[in-house]
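Would you mind keeping the following structure in view while I ask a few things?
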Amino acid sequence: MPRPPEGERTRLASAQDLQVHFPRRSGPPLRAVDGVSFDVVAGETFGIIGESGSGKSTLARALVCLQPITGGALTLSGRSPASLSAASLRLLRRDFQIIFQDPRAALNPRMTVRALVAEPLEIQSIGTRDGRRAAVLDLLDRVGLGPEFADRYPHQLSGGQRQRVNIARALAVRPKLLVCDEVVAALDVSIQADMLNLFKDLQDELGLTYVFITHDLAVVAHVSDRIAVMYLGVFMELGSKAQITERPLHPYTRALLDAAPQAVPSYRRVHREPLQGEIPSPLAPPSGCRFRTRCPLAVEVCAASVPAWREVQPGHFVACHRAGEAMVSTDGTDLRSQGVRSAAR
Ligand SMILES: Nc1ncnc2c1ncn2[C@@H]1O[C@H](COP(=O)(O)OP(=O)(O)OP(=O)(O)O)[C@@H](O)[C@H]1O
Ligand SMILES: [Mg+2]
């Protein structure tokens, strides 16, 4: 499906300072997602990368209304889910589906593939009984499973085949946006590429939009049009794939790229110290910049104040006090000569 020019594309999902805090019996809440802002436009693949515990899955669940937000705003297809009646919300939620990491956990072991793929259609009362039977075979075909799979049970399938059944279930209600949360992480490396190709083919055939979440830099760089880099509940950097993988500005983004030399072969790395230590607890995130406790460039200001989220080039956002100084590209080019504005205060 040809993609319309950027300016005319529909904003499918929009988050403004979105927060998800989990209350605790005592003490401050756990700030799993602590204020992120971004739009997802129709037809794109919006990648989110971040270490374990950075809040990716919580954000993913919020995007499909499985997790209530506790602050900021979420708009889906131009509407605020919180303002909708139960019936309208149910209709809206059809358009925003999610697939999770573990393809086995999501499937009832006592149901056949046919029943599993028909289930979302039944729940949403879509089509007649005969219509649903035909739809199931069509969906299985789309995800590369022949009709012989219809009568099998999940335990008779490989991990990749189970994930294909999950994709078929998600596609049954003809969503506009599919959130894919670590969908290839549990699969054998040898079949990950097949699965990523399937997602690409489905996007072309059905005009789907993806939010693709992973801790695997190679995967996110392969599939994404734009990439957000998440750390401890907030975005550190956001930009086009080229901006993030070729001209990264945030020390955290650079550390991720440095740590995975095979993931983005075109990224010209300079030798740096590998990322030290563990991600701090979201119960007590560091003051100022959350990355400062592990950042090789951290100075006093980084502890004293939260760096602003600034657009330093069209579409390229970064939150770093020192991004202005770190603007010499890893191949030695001074990015300021290419129009990148300093983000330093
Ligand atoms: N329902 C919940 N109640 C309380 N805390 C939660 C809940 N869900 C997630 N958390 C916490 O929120 C933080 C972010 O978790 P989340 O699962 O969103 O991270 P993630 O980036 O998806 O990590 P991973 O890469 O391991 O999947 C973690 O500290 C986690 O323990
Ligand atoms: Mg997760």
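Estimate the FRET efficiency between Ile126 and Ser266 by the formula 1/(1 + (r/R0)^6), using the beta-carbon distance for r and 51 Å for R0, to the nearest 0.05. The partial results should precede the final answer.
Details: r = 44 Å, r/R0 = 0.87.
The calculated FRET efficiency here is 0.70.
Under the 0.36 nm per residue contour assumption, what length would be gained going from the current alpha-carbon distance of Ala308 and Glu205 to full extension?
Numbers: separation 103, 0.36 × 103 = 37.08 nm, distance 3.96 nm.
Working it through step by step, the gained length comes to 33.1 nm.
A further question on this structure: Using the Kyte-Doolittle scale, find the helices of the chain whose mean hydropathy is at least -0.5 and whose Cα atoms extend 15 Å or more along the helix's long axis, counting only whole DSSP H runs.
113-123, 189-206
Okay, moving on. If a paramagnetic tag sat 7 Å from the Cα of Thr10 along the Cα-Cβ line, which residues of the stretch 72-89 would have the backbone N under 13 Å from that point?
76-79
Among Leu157, Gln313, Ser85, pick out the residue whose Cα is farthest towards the positive end of the charge dipole of the chain, where Lys and Arg carry +1 and Asp and Glu carry -1 on C-beta, about the Cα centre.
Value: Ser85.
Here's another thing I want to ask about it. Using the Cα centre of the chain as the reference point, and only Cβ charges (+1 on K/R, -1 on D/E), how large is the resulting charge dipole? Debye, rounded to the nearest 20.
780 debye
On to the next question. Taking 7 Å along the Cα-to-C-beta vector as the label spot, tell me the Phe22-Ala193 distance in nanometres, rounded to one decimal.
3.7 nm
How about Lys241: which aspartates and glutamates have a C-alpha closer than 14 Å to its C-alpha, ignoring those fewer than 8 places off in the same chain?
Cross-link targets: Glu44, Asp225.
Kindly rank 292-304, 177-189 from highest to lowest mean number of other beta carbons found within 10 Å of each residue. Could the numbers behind the result be given before it?
On the way: 292-304: 16.3, 177-189: 20.6.
Peptide ranking by packing, descending: 177-189, 292-304.
Under a plain spin-label model, where a point goes 7 Å from the Cα along Cα-to-Cβ, how far apart in nm are Ala134 and Leu92?
Here the modelled spin labels are 3.3 nm apart.
Would you please put 45-54, 228-237 in order of how densely packed they are, using the mean number of other Cβ atoms within 10 angstrom per residue and starting with the highest? Don't jump to the answer; show the numbers that get you there.
Numbers: 45-54: 21.7, 228-237: 25.3.
Descending packing order for the listed peptides: 228-237, 45-54.
On alpha carbon coordinates alone, what is the Rg over Rh value for the stretch 9-227, Rh being the Kirkwood radius?
Details: Rg = 17.5 Å, Rh = 18.1 Å.
Checking Rg against Rh, the ratio lands at 0.97.
Now, a different point. Tell me the relative contact order for the chain as a rounded percent, counting alpha carbon contacts under 8 Å between residues six or more apart. Mind dumping the intermediate values first?
Values: 640 pairs, mean separation 61.9, N = 345.
Normalised by residue count, the contact order of the chain is 18 percent.
No lab work stands behind these numbers, since they all come straight from the coordinates. Remember, predicted model here, so these are calculated numbers, not experimental data. Neighbour counts are summed over all protein chains in view; Cβ atoms, including those assigned to glycine, are modelled from backbone coordinates with ideal geometry.
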